[in-house]
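A short worksheet on the structure shown next.
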Amino acid sequence: MSKGGRGLYLGLLILGLVVFIQGTLFSRVRVLGVGANLLLVTVVCWSLTRNVQEGLVWAFAGGLGIDLVSGLPLGTSSLALMPTCFLAGIGRSSIYAQNLFWPLLLVVLATPLYGWLVLLTQQMRGVPVDWLGSTVRIVLPELAPNLAITLPVYPGLRWLAGRIGVPVMDV
């Protein structure tokens, strides 16, 4: 099997594992009522490590998986995750791209973007949405655990990308 094929299968395995962990463990483990969004952090970090196109594939497939597990209407998470990949495209040309500062900043930007897009899709379906309350109680508090899991996820994905033979983004 070629390195590219092995990398594809390993990537799908990792994405499946992330969806499984998010849908089972992270959806139930809460600290002060807030949980981390492992899939969001993984998509942002993979988009930064590799490229926006691969991030979009991970966002689409992972989002569908999370929707199936969580009971959200199919496509909600994919639709909310995919725009976050473009934030990573901005970061790829930064002088800080290999520094941990950049993925942390991108996760800070991606977390409310993702949350608000999920709320928007809910509102478009006719579900009443308390924008301010949801932002204060759910979206903004999710920043802290998302930042915390970015610290091991980003270096882990960079290491993995190097091990499976895919070029890691360099400046």
Single condition GLY16 does not satisfy, out of (1) in contact with an Asp or Glu (Cβ under 6 Å, 6 or more places away or on another chain); (2) over 16 Å from ALA110 (Cβ atoms); (3) not basic (Lys, Arg): (1)
Is it the case that the stretch 112-129 has a residue that's in contact with a Pro (Cβ under 9 Å, 6 or more places away or on another chain) and either modelled with pLDDT under 90 or in a loop (DSSP other than H, G, I, E, B) (or both)? yes
Among the residues of the stretch 1-33, how many are out of contact with any Pro (no Cβ under 8 Å at 6 or more places or on another chain) and at pLDDT below 85? 18
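Looking only at residues that are of a type in the set (D, E, K, R) and under 18 Å from ALA88 (Cβ atoms) in the stretch 143-171, which one is modelled with the lowest pLDDT?
ASP170
Have a look at PRO83, PRO73 and point out the one that is surrounded by fewer than 18 Cβ atoms within 10 Å (Cβ to Cβ), in contact (Cβ under 8 Å) with a residue 40 or more places away in the chain and not hydrophobic (A, V, I, L, M, F, W, C).
Checking each option against the conditions leaves just PRO73.
The values are calculated or read from the model by the stated rules, or taken from the named source; none is laboratory data. Everything quoted here is computed from the prediction, not taken from an experiment. Don't worry about glycine lacking a Cβ; one is built from the backbone with ideal geometry, like all the others, and counts go over all protein chains shown.
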